[in-house]
Amino acid sequence: MDPTAVALITVGFVFLLVLLGIHIGVALALLSVLGIWGITGKLHVAISLLNTTAYSAVMDYVFAVIPLFVLMGILATLSGATRDLFSSAQVLFGRIRGGIGIATVIANALFAAITGVSVASAAVFSRLAIPEMERLNYDRKFSYGIVAGSAILGMLIPPSILMIVYGVLTEQSIGRLFAAGVGPGLLVTAMLALGIWVMVFFSPRLGGRMEKLPVLDMRSALRTALKPWGVILLIGLVLGGIYGGFFTPTEAGGIGAAGALLLAMVNRKLNWSSFVGVLSEIGRTTASIFLLLIAAQMYSRMLTISGLAAKMSEWAAALPVSPVIIIVMFIVVFMLLGMIIDSVSILLLTIPIMFPVVIKLGYDPIWFGMVSIVAIELGLLTPPFGMVVFAMKSALGRTARVEDIFVGAIPFIIMLALSLAIIVAYPPLSTWLPSVIM
């Protein structure tokens with residue numbers, strides 16, 4: 001059988017297996033072996049390639065950045081940084097129209113700089129911000145939408161697991177990707193905060209009753225506002241060190257993890273039981289990501305051997321349409337997949353096919369990384385299976401209905417779509433900072 005036909009069949013079966021509930025890593029590895037077997041006619045070649053990929057795919061020094069940043073996020077959350085960030089933002093923005101909603105967005109943006117996972121942000125702020133907004137009589141669906149929309153910042157603001165995975169798959173500098181995320185991250189943060197203010201301005205009932213906010217004296221307010229100084233200093237040290245060229249992203253991950261450990265110890269949140277829990281969680285998370293990366297590298301090699309990626313690039317370049325139409329088509333695919341599977345899996349499935357096309361069309365790979373991440377994250381909010389929405393439902397329990405969360409998220413989906421359009425239309429938003437500081 002023609003190698004390209006074999007590759008196309010395996011691509012179709014990957015999506016079928018994922019829809020049937022097979023783990024994405026297992027599906028990619030299995031079909032990669034079958035694909036190479038079908039192309040070469042030799043099973044031992046496929047098995048040998050799987051063996052070498054399992055070792056070579058994650059042996060590089062740069063892969064240490066994944067467990068280190070995961071550890072940083074877990075320890076920072078354990079230290080109580082999330083609650084401190086929210087309390088500080090509440091003091092600073094609480095008296096503005098929709099202030100607690102804006103505080104949630106700002107706190108989520110800062111929290112994103114230590115976790116890099118949107119689903120985690122959704123779960124944490126569902127327990128933290130929504131009870132406070134309900135106490136202030138915020139419209140329930142509006143409060144759900146605020147948390148759902150701002151959770152998307154988890155994967156967009158560096159350091160981000162999605163940026164690391166994209167960098168590994170496309171052989172792009174992780175430091176440049178982190179720098180590229182600053183502009184889009186600030187844009188989305190500003191868009192959400194402004195959107196909340198506008199919605200409450202025109203419909204004050206959405207924003208509850210400001211008279212229910214506690215009145216703090218100047219000393220208490222200042223103490224609360226400055227309480228998260230440790231985690232903000234840690235974020236500045238990690239990102240500033242990378243952008244300033246003082247250390248690599250991997251070294252930054254080590255420094256960040258050490259700093260987060262110190263924060264947890266200073267706040268007396270670390271004991272033997274929590275330490276074992278941290279090790280268990282980092283082991284599960286890292287093993288899952290590495291399994292996906294190994295399978296994705298195998299899948300990518302199979303596509304390269306088949307020649308499918310090269311033929312797709314030639315076909316796309318020859319289409320009688322503007323290249324931006326192809327980018328829009330890719331965005332639609334990202335959003336559709338975001339409704340049914342997780343962010344990392346979407347990158348692993350699509351980037352080996354899309355990336356050669358993007359390069360052939362002459363687009364900047366760093367810019368396309370930002371477009372991909374925002375589009376994928378937008379898909380996590382959309383029905384019927386938006387993962388952020390279901391993470392919130394799980395965190396809130398019976399008090400919330402999935403339908404209400406989806407309805408509340410609609411204005412924020414529009415805001416995010418507008419932000420994505422700006423990122424697509426104005427590439428320097430993503431590429432200017434990396435070109436200056438890297």
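The values are calculated or read from the model by the stated rules, or taken from the named source; none is laboratory data. Here the structure is a predicted model, which means the values were calculated and not measured. No Cβ is skipped: glycine too gets one built from the backbone with ideal geometry, and neighbour counts run over all protein chains shown.
The residues in segment 91-106 that are in a helix (DSSP H, G or I) and either modelled with pLDDT of 80 or more or surrounded by 23 or more Cβ atoms within 10 Å (Cβ to Cβ) (or both) can be counted, and the count is 8. Here THR4, THR40 are screened, and the one residue that is of a type in the set (Val, Ile, Thr), in contact with a Lys or Arg (Cβ under 7 Å, 6 or more places away or on another chain), surrounded by fewer than 20 Cβ atoms within 10 Å (Cβ to Cβ) and over 21 Å from ILE161 (Cα atoms) is THR4. Could you tell me whether any residue of segment 351-373 is buried (at least 18 other Cβ atoms within 10 Å of the Cβ), touching a Gly at 6+ places or on another chain (Cβ under 6 Å) and not small (Gly, Ala, Ser)? No, the conditions are met nowhere in segment 351-373. Of the conditions (1) loosely packed, with under 15 Cβ neighbours inside 10 Å; (2) over 12 Å from VAL374 (Cα atoms), PHE406 satisfies every one except a single condition; which number is it? Tallying (1) loosely packed, with under 15 Cβ neighbours inside 10 Å; (2) over 12 Å from VAL374 (Cα atoms), PHE406 fails exactly one: (1).
Criterion first (out of contact with any helix residue (DSSP H, G or I) (no Cβ under 6 Å at 6 or more places or on another chain) and either aromatic (Phe, Trp, Tyr) or on the phi > 0 side of the Ramachandran plot (or both)) does TYR144 satisfy it?
Values: out of contact with any helix residue (DSSP H, G or I) (no Cβ under 6 Å at 6 or more places or on another chain): no; either aromatic (Phe, Trp, Tyr) or on the phi > 0 side of the Ramachandran plot (or both): yes.
So TYR144 fails the test.
I'm checking my understanding of the structure. Among residues of segment 374-403 that are of a type in the set (Val, Ile, Thr) and out of contact with any Leu (no Cβ under 6 Å at 6 or more places or on another chain), which one is surrounded by the most Cβ atoms within 10 Å (Cβ to Cβ)? Among those that are of a type in the set (Val, Ile, Thr) and out of contact with any Leu (no Cβ under 6 Å at 6 or more places or on another chain), it is ILE376. Annotation note: Cβ proximity below 7 Å between a residue of segment 93-115 that is within 23 Å of PHE69 (Cα to Cα) and a residue that is polar (S, T, N, Q) and surrounded by fewer than 24 Cβ atoms within 10 Å (Cβ to Cβ) (sequence gap 6+ or interchain) occurs for VAL105/THR189; ALA109/THR189; THR115/THR77. Candidates are the residues of segment 245-273 that are polar (S, T, N, Q) and surrounded by 14 or more Cβ atoms within 10 Å (Cβ to Cβ); the one that is nearest to PRO434 (Cα to Cα) is THR248.
In the list GLU171, GLU132, which residue meets the criterion of being modelled with pLDDT under 85, on the phi > 0 side of the Ramachandran plot and out of contact with any Gly (no Cβ under 7 Å at 6 or more places or on another chain)?
On the way: GLU132 fails: on the phi > 0 side of the Ramachandran plot.
That would be GLU171, the only listed residue that is modelled with pLDDT under 85, on the phi > 0 side of the Ramachandran plot and out of contact with any Gly (no Cβ under 7 Å at 6 or more places or on another chain).
Cβ-Cβ contacts under 7 Å between residues 6 or more apart (or on different chains), taken from a first residue in segment 28-53 that is in contact (Cβ under 8 Å) with a residue 12 or more places away in the chain to a second residue that is part of a helix (DSSP H, G or I) and among the basic types (Lys, Arg), are listed as LEU49/ARG301; THR53/ARG301.
Return the total of residues in segment 356-395 being among the aliphatic types (A, V, I, L, M), closer than 17 Å to ILE341 by Cα and modelled with pLDDT of 85 or more. Quick ask: steps written out before the conclusion?
Narrowing segment 356-395 to residues among the aliphatic types (A, V, I, L, M): 357-359, 361, 366, 370-371, 373-376, 378, 380-381, 387-389, 391-392, 395.
Those left that are additionally closer than 17 Å to ILE341 by Cα: 373-376, 378, 380-381, 387-389, 391-392.
Within this subset, residues satisfying the condition of being modelled with pLDDT of 85 or more are 373-376, 378.
Result for segment 356-395: 5.
Within segment 351-370, residues that are within 9 Å of TYR166 (Cβ to Cβ) sit with their Cβ atoms under 6 Å from residues that are buried (at least 19 other Cβ atoms within 10 Å of the Cβ) and among the aromatic types (Phe, Trp, Tyr), at 6+ positions apart or across chains, in these pairs: GLY369/TYR166. Restricting segment 223-244 to residues that are in contact (Cβ under 8 Å) with a residue 40 or more places away in the chain and not aliphatic (A, V, I, L, M), the residue that is surrounded by the most Cβ atoms within 10 Å (Cβ to Cβ) is PRO228.
Counting the residues of segment 246-279 that are over 24 Å from the mean Cα position of the chain (by Cα), in a loop (DSSP other than H, G, I, E, B) and free of Cβ contacts under 8 Å to residues at least 60 places away in the same chain gives 3.
Which members of segment 423-438 meet the condition of being in a helix (DSSP H, G or I) and either surrounded by 15 or more Cβ atoms within 10 Å (Cβ to Cβ) or not β-branched (Val, Ile, Thr) (or both)? Write out each step before concluding.
Initial filter on segment 423-438 (in a helix (DSSP H, G or I)): 423-425, 428-437.
Correct list: ILE423, VAL424, ALA425, PRO428, LEU429, SER430, THR431, TRP432, LEU433, PRO434, SER435.
On inspection, LEU68 fails the criterion of being surrounded by fewer than 19 Cβ atoms within 10 Å (Cβ to Cβ), out of contact with any His (no Cβ under 8 Å at 6 or more places or on another chain) and either in a helix (DSSP H, G or I) or among the aromatic types (Phe, Trp, Tyr) (or both). Taken over segment 304-350, the criterion of being in a helix (DSSP H, G or I), surrounded by fewer than 23 Cβ atoms within 10 Å (Cβ to Cβ) and in contact with a Pro (Cβ under 9 Å, 6 or more places away or on another chain) is satisfied by THR304, ILE305, ALA309, ALA310, MET312, SER313, ALA316, ALA317.
Here SER300 fulfils each of the conditions (1) within 30 Å of TYR55 (Cα to Cα); (2) at pLDDT 80 or above apart from (2).
Out of everything in segment 107-137 that is surrounded by 24 or more Cβ atoms within 10 Å (Cβ to Cβ), among the polar types (S, T, N, Q) and more than 13 Å from THR189 (Cα to Cα), what residue ends up being farthest from the chain's Cα centre (by Cα)? That would be SER126.
One line per residue, one yes/no per condition, for (1) among the hydrophobic types (A, V, I, L, M, F, W, C); (2) modelled with pLDDT under 80; (3) within 30 Å of MET329 (Cβ to Cβ):
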site: PHE201; (1), (2), (3): yes, no, no
site: PRO228; (1), (2), (3): no, yes, no
site: GLY277; (1), (2), (3): no, no, no
site: ALA309; (1), (2), (3): yes, yes, yes
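Filtered by the rule that a residue be assigned to a loop (DSSP other than H, G, I, E, B) and under 17 Å from THR248 (Cβ atoms), segment 153-174 gives PRO158, PRO159, SER160, GLU171, GLN172, SER173.
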